[in-house]
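Working notes for the structure below.
The values are calculated or read from the model by the stated rules, or taken from the named source; none is laboratory data. These numbers were taken from a predicted model, which means no experiment stands behind them. Please note: Cβ atoms are built from the backbone with ideal geometry, for glycine as well, and neighbour counts cover all protein chains shown. These area figures cover heavy atoms from the full protein model, side chains too; ligands, DNA and RNA do not enter into them. Shrake-Rupley method; radii C 1.70, N 1.55, O 1.52, S 1.80 Å.
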Amino acid sequence: MTYVYAFEEGNKDLKDLLGGKGANLAEMTNLGLPVPPGFTITTEACRAYLHDKRFPDGLADEIEARLIALEERIGRRLGDAADPLLVSVRSGAKFSMPGMMETVLNVGLNDESVEGLAAHGGARFAWDSYRRLIQMFGATVCEVPAGYFGDALDKAKHQKGTRNDLDLDADDLRALVGVYKKIFEEHTGRRFPQDPREQLNLAIRAVFDSWNADRAALYRRQERIPADLGTAVNVVAMVFGNLGPDSGTGVAFTRDPGTGAQGVYGDYLANAQGEDVVAGIRNTVPLQDLESIDKASYDQLLGIMATLEDHYRDLCDIEFTIERGKLWMLQTRVGKRTAAAAFTIAAQLVDEGVIDLDEAIRRVSGAQLGQLMFPRFDLSGTHRELTRAVGASPGAAVGTVVFDAARAIELAGQGESVILVRRETNPDDLGGMIAAQGILTSRGGKTSHAAVVARGMGKTCVCGADELEIERGAFTVRGTRVAEGDTISIDGTTGRVYLGEVPVEPSSVVRYFEGAPVSEDPLVRAVDRLMRHADSRRSLRVRSNADTGADAARARRFGAEGIGLCRTEHMFLGDRRELVEKLILAEGQPAREAALAALLPLQRADFVELFRAMDGLPVTVRLIDPPLHEFLPSLTDLAVRVAVAGERGEDVGREKELLTAVQRMHEQNPMLGLRGVRLGLVVPGLFAMQVRAIAEAAVEVARAGGSARPEIMVPLVGAVQELETVRAEAEKILTEVIGDSGVRVVIGTMIEVPRAALTAGQIAEAAEFFSFGTNDLTQMGWGFSRDDVEGAFFWRYLELGIFGISPFESLDRDGVGRLVRIASEEGRAARPGLKLGVCGEHGGDPDSVHFFHEVGLDYVSCSPFRVPIARLEAGRAAVART
Ligand code: PEP
Ligand code: MG
């Protein structure tokens, strides 16, 4: 097995093995771009190391051989006292995890080679590089708290009477190295390692280990990145952006990652090393300014950017360094972008003839579309603008100001909406960033940590608000003081920050889905174009779960092609409770029939409304599902009320009657008890009343010239006999009511009990359609209570990697998905043409939609707001490359 590849040996398609950074460094090398030479240690090596806690056999020898080759090529040896080669050791996983894992720069410096470096690059530069090495190595490899180094640096600057690192001269930095070494010794009990090979090996281990750091694990969970991939490690010959004013470092995008507009976008920082830019520690200048600083490098950079866009056929982001007028490419990748930019750029590239529409829909996602459906600020009223800064990640966020991550987590846990305000963020703030509604920083641009991470999460973020003076527990801006607990509103699109709460309005994309004409807004045009294409490609139909005419009408405007689930129990709530109580309390047939007769016209009117809203489209009406006692007061409340009223001598006759009923119906496990078809078989006349209401409503709509297409769905079936019994009774009623009206009603079942999935062949004999109730199928497949487990222990399961995301959110393909597959195959084998759909929450989850496409279902059904997302994902599934 080969564990180490030179850049010349890789390419961009080897991300699994070389990680994103390594694969793209290889690609750029092979494109002939100026990449410093180096090699990549594979993710396989990392996985082996993490498993055995040691380098796998052969890895050390391979690294040695590659290092020697690198030294020969460059003509310098690692750590050579006279003229040292220095290397950077950089993480790089398959999926970008900005700032989550470790990097160590300047490996190879020690007390001797620092002098050699000084001879070539100057003493100040050499000692600055050495102190950076000790700092990074100490913090990442030996876990010395980074604050100690930061404090020592601040102290040195204070003594010098400056706030700028660049004012420290060679002697100051030499002295600082002495202090750093002491800090290192105090915390590790050993001297700073002088052997360059030992430094290299320890740095590689530290990068491997950083895969499992808490913040990296948290980020992976958030971004749904599998926990077992491991990271590659890139060992790259150092180039220096801190060699003086003719050196520098920067980041650039080939288009605006915020809007997709073409142009020159990026930040540049003269006389600095790369980490200074990403960390947002010093404020950068716009990339355009490089033209006047170093025109030759600027022109070359623009040429390279064009080459990269051509080659990758997409927006690329890059990191570069200029070392004494010579440009070096340190990284590129297909760049992260906002949701709006993703749609706009995909449509632009189609216009430019670079990609086709299939590729365009591959490049956007349902999750991004979901972000575009967020509301925006309505600025028509009065509002007070505090400052304008960089709109780094779009959205409109309103919340209480907090200044640290822990407080953000605490308040968000209490249900408060918070805005996390920081000078800059670092990876330790991740938990707070997840908890916050939005993030505001006073330093750093579009490429700062806060910006990159927030964009990845789809979280509103405004960066670089340098007018903010942040002290303890408050910030001041243009004379206004805003303290922790005050409310602000931040606009991640325009970068504006407002005092107080600004009202929000629906997004232009929602307005478009609601039926507004396609406007001149490039985003709306792009969404329209890509949605049309997704619709033309998809084989899955998309329906909506809706229980009212208003929901159904909205779903239809959003593109729903019918209703996949109407939960009729929702029609039993509100002011109808009393009628339901009467039904439950009814003793004897006459009382029960009277109660049902009172409910019948109400239900019929509900269905008429639904059928009208969905005129011409199928409407699946599910017969009542939950246990009836859900419609009665809680046992405890009622018992207390009866006891208290009884003590006061009040009349408790009716309440007592209710209490007896509740006690009689009480179940230990109501989710597994008397609900669904079981209820229909036990309470005479209940299902019959519903079937009659459906049929009468359909006939009424048909007589008025409409077209109602009801599908009656029986819930919680586990055995075909249950369905047969309900069906026989229903058919009698249907024949009687429908007569010659021309209405056609079909009868099918939910598949939501594992036994139903496993006996689907039998059940299909009695069902004209199946709809998978993946909520219950997940509950019963895993044996997880839907209502209890998520808060109770899922965090631990996520932490252990038992699953990467709650199976109630995204379908568990291997287990629950297998039940779906079996039932689909056996159902269709027994009844060719059996219609198959899904109406659990998974019907609107992007990953799950792809699975349902693969299984060959006919439709998914989801909440109205997720209908456009499901349409897009169904189209993407149809053009996915496997
Ligand atoms: C299901 O179980 O997936 C389903 C759609 O039904 P409910 O959520 O109402 O139990
Ligand atoms: Mg269910």
Exercise. Provide a single number: the residues in the range 503-525 that are in contact with a Gly (Cβ under 8 Å, 6 or more places away or on another chain) and either open to solvent by less than 50 Å² (accessible area, probe 1.4 Å) or over 16 Å from G381 (Cα atoms) (or both).
Key: 2
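Okay, residues lined up against (1) in contact (Cβ under 8 Å) with a residue 40 or more places away in the chain; (2) surrounded by fewer than 23 Cβ atoms within 10 Å (Cβ to Cβ); (3) away from ligand 1 (no atom under 16 Å from the Cβ):
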site	(1), (2), (3)
E657	yes, yes, yes
T660	no, yes, yes
M713	yes, no, no
A719	yes, yes, yes
Exercise. For S741, state whether it is over 43 Å from the mean Cα position of the chain (by Cα) and either in the same structural domain as N669 (by TED's automatic domain parsing) or of a type in the set (S, T, Y) (or both).
Key: yes
Quiz item: Of the residues A594, A598, A605, which single one is of a type in the set (A, V, I, L, M), open to solvent by less than 50 Å² (accessible area, probe 1.4 Å) and farther than 22 Å from L723 by Cβ?
Solution: A598
Quiz item: Among strands (runs of 3 or more DSSP E) lying entirely in the range 414-492, which contain 2 or more residues that are buried (at least 22 other Cβ atoms within 10 Å of the Cβ)?
Solution: 418-422, 438-441, 460-463, 487-491
Exercise. Output yes when any residue across the range 682-689 is open to solvent by 40 Å² or more (accessible area, probe 1.4 Å), within 16 Å of ligand 2 (Cβ to nearest atom), in a helix (DSSP H, G or I) and under 25 Å from V753 (Cα atoms), and no when none is.
Key: no
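Each row is one residue, and each column tells you yes or no for (1) at pLDDT 95 or above; (2) of a type in the set (D, E, K, R); (3) buried (at least 22 other Cβ atoms within 10 Å of the Cβ); (4) not in a strand (DSSP E or B).
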| position | (1), (2), (3), (4) |
| --- | --- |
| G303 | yes, no, no, yes |
| F320 | yes, no, yes, no |
| L349 | no, no, no, yes |
| G353 | no, no, no, yes |
Quiz item: Which residue, of R881, R796, is surrounded by fewer than 24 Cβ atoms within 10 Å (Cβ to Cβ) and part of a helix (DSSP H, G or I)?
Solution: R796
Quiz prompt | Candidate set: the range 26-42, residues that are open to solvent by less than 20 Å² (accessible area, probe 1.4 Å) and β-branched (V, I, T); chosen: the one nearest to the chain's Cα centre (by Cα) | solution = T42
Quiz item: Which residues, taken from the range 836-854, are within 16 Å of ligand 1 (Cβ to nearest atom), over 19 Å from the mean Cα position of the chain (by Cα), at pLDDT 95 or above and not aromatic (F, W, Y)?
Solution: L836, G837, V838, C839
Quiz item: Do the conditions hold for G705, that is, is it open to solvent by less than 60 Å² (accessible area, probe 1.4 Å), assigned by TED's automatic domain parsing to the domain that holds D575 and either acidic (D, E) or at positive phi (or both)?
Solution: no
Self-check item: Only one of G58, G108 that is open to solvent by 20 Å² or more (accessible area, probe 1.4 Å) and on the phi > 0 side of the Ramachandran plot
Solution: G58
Quiz item: Counting only residues that are open to solvent by 40 Å² or more (accessible area, probe 1.4 Å) and within 46 Å of the chain's Cα centre (by Cα), which one in the range 111-135 is farthest from I183 (Cα to Cα)?
Solution: R124
Exercise. Being within 13 Å of ligand 1 (Cβ to nearest atom), crowded, with 16+ Cβ neighbours inside 10 Å and small (G, A, S) narrows it down to one of G827, G781, G817, G804, so name that one.
Key: G781
Practice problem: Take the range 179-216 and flag every residue that is open to solvent by less than 10 Å² (accessible area, probe 1.4 Å) and part of a loop (DSSP other than H, G, I, E, B). | Solution: F192, P193, W211
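Here's the yes/no breakdown for (1) touching a helix residue (DSSP H, G or I) at 6+ places or on another chain (Cβ under 7 Å); (2) of a type in the set (F, W, Y); (3) not assigned by TED's automatic domain parsing to the domain that holds P846:
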| site | (1), (2), (3) |
| --- | --- |
| R191 | yes, no, yes |
| E198 | no, no, yes |
| F208 | yes, yes, yes |
| W211 | yes, yes, yes |
| A217 | no, no, yes |
| E223 | yes, no, yes |
| A227 | yes, no, yes |
| T231 | yes, no, yes |
Quiz item: Would you call G515 out of contact with any Phe, Trp or Tyr (no Cβ under 8 Å at 6 or more places or on another chain), within 26 Å of V860 (Cα to Cα) and in the same structural domain as V743 (by TED's automatic domain parsing)?
Solution: no
Exercise. Considering only the range 813-844, state which residues are in a loop (DSSP other than H, G, I, E, B) and either within 16 Å of ligand 2 (Cβ to nearest atom) or of a type in the set (V, I, T) (or both).
Key: C839, G840
Exercise. With respect to L679, determine if the residue is open to solvent by 10 Å² or more (accessible area, probe 1.4 Å), within 16 Å of ligand 1 (Cβ to nearest atom) and more than 29 Å from A829 (Cα to Cα).
Key: no
Quiz item: Restricting attention to the range 355-403, which residues are of a type in the set (A, V, I, L, M) and assigned to a strand (DSSP E or B)?
Solution: L386, V390, A392, A396, A397, V398, V401, V402
Quiz item: When residues of the range 137-176 are filtered for being without any contact (Cβ under 8 Å) to a residue 60 or more places away in the chain, in a helix (DSSP H, G or I) and among the hydrophobic types (A, V, I, L, M, F, W, C), how many remain?
Solution: 10
Quiz item: If you go through the range 744-767 one residue at a time, how many are within 17 Å of C566 (Cβ to Cβ) and either within 9 Å of ligand 1 (Cβ to nearest atom) or open to solvent by 10 Å² or more (accessible area, probe 1.4 Å) (or both)?
Solution: 4
Quiz item: With A45, A81, A23 as the choices, which residue is farther than 29 Å from D228 by Cα and either assigned to a loop (DSSP other than H, G, I, E, B) or under 33 Å from the mean Cα position of the chain (by Cα) (or both)?
Solution: A81
Exercise. Working only within the range 322-337, note down all residues that are open to solvent by 10 Å² or more (accessible area, probe 1.4 Å) and of a type outside the set (D, E, K, R).
Key: G325, W328, L330, Q331, V334
Quiz prompt | the range 688-733: number of residues that are under 21 Å from E561 (Cβ atoms) and of a type in the set (G, A, S) | solution = 6
Practice problem: Can you confirm whether the range 240-262 contains a residue that is β-branched (V, I, T), within 17 Å of C46 (Cβ to Cβ) and surrounded by fewer than 24 Cβ atoms within 10 Å (Cβ to Cβ)? | Solution: no
